[in-house]
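The values are calculated or read from the model by the stated rules, or taken from the named source; none is laboratory data. Treat the numbers as computed from the prediction; the structure is a model and nothing was measured. No Cβ is skipped: glycine too gets one built from the backbone with ideal geometry, and neighbour counts run over all protein chains shown. Accessible surface areas use protein heavy atoms only, side chains included; no ligands, DNA or RNA. Shrake-Rupley method; radii C 1.70, N 1.55, O 1.52, S 1.80 Å.
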Amino acid sequence: MMDFNELALNPAVTRLAAILREGYGLRSGLVGLDGAVTALGDSYASADKMLFDHFVFGTQEWQDGGLPTSLGKNARQWGAKIAESSAATRCLAVTMDVGFSGFLFPIMVKDQAVLGLFIAGFVPSEGAAAALDAIRRRVPAELTARLGDKDNMRIAQLDTEQRRFAQTLGFGIAEELALLAERVSSATETRFEGVVRFGDMLGTSARMRNLFSVIAKISRSNSSVLIEGENGTGKELVARAIHQNSRRRDAPFVAVNCAAIPGELIASELFGHTRGAFSGAHRERTGLFEAAHGGTLLLDEIGDMDPTLQVKLLRVLQEGTFLRVGDSQVRKVDVRVLCATNRDLKTMVAENTFREDLYYRVKVIAIPVPALRERATDIPLLSSFFVNRAAREQGRSKKTFSESCLDRMMQYRWPGNVRELENEIERLVIMSGDSELIDVDLLSPRITGKRDEAPMPVISGLNLPQAVEHLERRMILDSLQKTGWNKTQTAKDLGVSRRNLIRKVAHYGLEDEPII
Ligand SMILES: Nc1ncnc2c1ncn2[C@@H]1O[C@H](COP(=O)(O)OP(=O)(O)OP(=O)(O)O)[C@@H](O)[C@H]1O
Ligand SMILES: [Mg+2]
């Protein structure tokens, strides 16, 4: 089965779909051979859309940028038509049982239909009255309240010329999709033009596409890589993507945060120790280098590694050998080492806090991960992904952003980068309650540029302990954002111990990295 996500998020495709939506009020999307449906460019909610979705898919909920929550009868019929179509079929006209009309375009890869594009949701202007009547008669009771006056529902009426225009645009989208589908299906040769997803990373900006192609290029080598970037830019995701794209993908990926482990413990953590190597070493232990044998080891926050350990690390990198703490037997491992840092190692070298020889050794390949503000064009895509996920996790209906809200988010500087965006959106989903539209007034004051003059929002429906938790979470989050997720500073600002903070951060799910 083809993965639609990549196709559905392609910018050229979503732009054409937006023209159809904004110009004519038409709905477009992809339909799989099994009737699975994915919307195109679908980030705004409207009443006519809900109605259409209800009839086509038996649900008014669009799925999270991908797999459908239901396969309605009409969509299943479309899938079957696509599966039957031959290479000569460029477009099929379809009428749905409720009176909506549409077009269906088979997308072929190597003379084989792999999916279809639909453009639908209109009635032909000749005989429109009867079709509209049929549709209105069938609006289900549970939707009438949400749709308002059903006699004034906006349903597109297209004359012959407009239908021809919609069809022409459809051919354009279908052509683009066929090219993309071919690319997706040829796994060996991947090109990155327009690609929006790489591993778990999303991005359409030139900076991210460039990053994806760099990752693809260097994944197969065994050189050490230094991943540099501000807090929350996605350094760990880059490391995982390198591993996933390498021949080592079936062996372990092990990540260790050098800043989180006290100096004395980290050597035994990395290299293991013998029994009795130090007080407390009751039994022999293998270290993470051995655990990662055949795979990849990410040394996160490498700038925080203390100097004695830097020497040992240099030796593994140069010779692939190491000693367990307290042991004299030289051991050998095959591990690709990736390092990540948000500190400027070059300055640390100048200040003699980071070894120069190690610096050049880990920096054989350097991958800078751009800050979010340097790729603001990724914000709509990331936001829509995060909002769908948060709504689903919180068991709420799908939400969309107003245009001014998105604009504002694109202008903000995001010191905490993607992680800050992710957290802001989680917060917006909570704050927006039952409303399906997230508007600019809900954004945190630091983003709108307004000072926070509003009193604490009254949190209706919460009891005291819940309200206290809500406040605590919010204070921690605000402080994390202010410090760019620097936990030591945050703990200081909030007047709690670092350990206590880390526990609370985990409790509130404000940090998805494992705390080692
Ligand atoms: N391009 C992206 N697409 C989707 N999610 C992303 C992207 N970049 C980052 N994220 C998400 O943002 C969060 C931060 O990413 P990650 O932990 O990889 O950043 P980091 O640079 O390692 O941060 P830190 O410096 O704080 O360790 C994660 O939840 C990650 O899933
Ligand atoms: Mg990290």
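What the table below lists for this structure:
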quantity	calculated
Identity of the residue in the stretch 244-271, in contact with a Leu (Cβ under 8 Å, 6 or more places away or on another chain) and of a type outside the set (A, V, I, L, M, F, W, C), that ends up nearest to SER219 (Cα to Cα)	GLU269
Extreme residue, most open to solvent (accessible area, probe 1.4 Å), among residues of the stretch 202-219 that are more than 10 Å from ligand 1 (Cβ to nearest atom) and within 22 Å of ARG361 (Cα to Cα)	LYS217
Search result, residues across the stretch 394-432 that are part of a helix (DSSP H, G or I), among the basic types (Lys, Arg) and closer than 15 Å to PRO445 by Cα	ARG408, ARG427
Candidate set: the stretch 481-504, residues that are within 21 Å of PHE386 (Cβ to Cβ) and more than 14 Å from ligand 2 (Cβ to nearest atom); chosen: the one most open to solvent (accessible area, probe 1.4 Å)	LYS482
Residues of the stretch 369-395 satisfying the condition of being more than 18 Å from VAL337 (Cβ to Cβ) and within 16 Å of ligand 2 (Cβ to nearest atom)	PRO370, ALA371, LEU372
Selection from the stretch 243-266 of residues that are open to solvent by less than 40 Å² (accessible area, probe 1.4 Å), modelled with pLDDT under 90 and within 16 Å of ligand 1 (Cβ to nearest atom)	CYS258, ALA260, ILE261
Failed condition for GLY232, given (1) on the phi < 0 side of the Ramachandran plot; (2) within 11 Å of ligand 1 (Cβ to nearest atom)	(1)
Flag for GLU269 being open to solvent by 50 Å² or more (accessible area, probe 1.4 Å), of a type outside the set (Lys, Arg) and either at pLDDT 90 or above or within 14 Å of ligand 2 (Cβ to nearest atom) (or both)	no
Looking only at the stretch 272-290, and only at residues there that are hydroxyl-bearing (Ser, Thr, Tyr) and surrounded by 13 or more Cβ atoms within 10 Å (Cβ to Cβ), the one that is nearest to ASP327 (Cα to Cα)	THR274
Search result, residues across the stretch 319-368 that are open to solvent by less than 20 Å² (accessible area, probe 1.4 Å), among the hydroxyl-bearing types (Ser, Thr, Tyr) and outside any strand (DSSP E or B)	TYR359
Filter result for PRO368 (closer than 30 Å to ASN245 by Cβ, at pLDDT below 90 and not hydrophobic (A, V, I, L, M, F, W, C))	no
Residue match in the stretch 220-242 (condition: assigned to a helix (DSSP H, G or I), farther than 25 Å from LEU421 by Cα and either open to solvent by 50 Å² or more (accessible area, probe 1.4 Å) or not charged (D, E, K, R) (or both))	no
